[in-house]
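Step one of this worksheet: look at the structure below.
Read the figures in this text as sums done on the coordinates, not as results from a lab. Fair warning: this is a prediction, and the values are worked out from it, not measured in the lab. Backbone-built Cβ (ideal geometry, glycine too); neighbour counts: all protein chains shown.
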Amino acid sequence: MHIQSAIEELKERAKTGALRLHSGASETSLKEVERIYSKTLPEDFKMLYRFSDGFDTDEDIFNMIRIEEIIENKMKYNNQLYIAEYMTYCDSWELDISIQNPNDYQITNLTRLNTTITLTRSLAEFIHRFLQGGVFDAAGLYDWHEETMRG
């Protein structure tokens, strides 16, 4: 799945009122994230955020975090680059970017046993999975979490 497909899915879902898209992020704000985290953002991440500076839902109180909040979170969360959260950071998903190649990244989540697991290396897949089942429904993020842990 490509990020453009995920963007199309988001547009369709927004038409139903199931989620709210925000105006796209500026190049200046994307560069600020790169500057303060000392990392180049992956191209698909920049494409998504140029389209919409995150999105939020009422169901599951899930948010793809806005750039301004990602910047504010740097010191608050020990340099972890969180890109999504639900219920005001009861749970969150982190973008772990390779220093050698910014397009080589993983989206991780902390388990109940306090270990980190990799869910995917694709932002498009992460968004698609959320749109399929939210946080809790079948095929959603927590199902994926359990599938990954079972290996």
Problem - Two-site label geometry, residue 8 and residue 138: point separation in nm, points 7 Å out along Cα→Cβ - result: 2.6
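In percent, what relative contact order does segment 25-116 have, based on Cα pairs under 8 Å that are 6 or more apart in sequence? Please list the in-between numbers first.
Working: 129 pairs, mean separation 21.6, N = 92.
Normalised by residue count, the contact order of segment 25-116 is 23 percent.
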Handout entry: Distance from segment 12-31 to segment 135-151 (C-alpha centre basis), Å
Key = 25
Handout entry: Value at 222 nm in deg cm²/dmol, rounded to 500, when DSSP H runs of n ≥ 4 in the chain each add -39,500 (n - 2.57)
Key = -12500 deg cm²/dmol
Handout entry: Debye, to nearest 20: dipole size of the chain, +1 on Lys, Arg Cβ, -1 on Asp, Glu Cβ
Key = 300
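Under the rule a/c < 1.5 gives rounded, and otherwise a/b versus b/c splits prolate from oblate, where does the chain land using the Cα gyration tensor? Walk me through the intermediate numbers first.
Working: a/c = 1.43, a/b = 1.09, b/c = 1.31.
Verdict is rounded for the chain.
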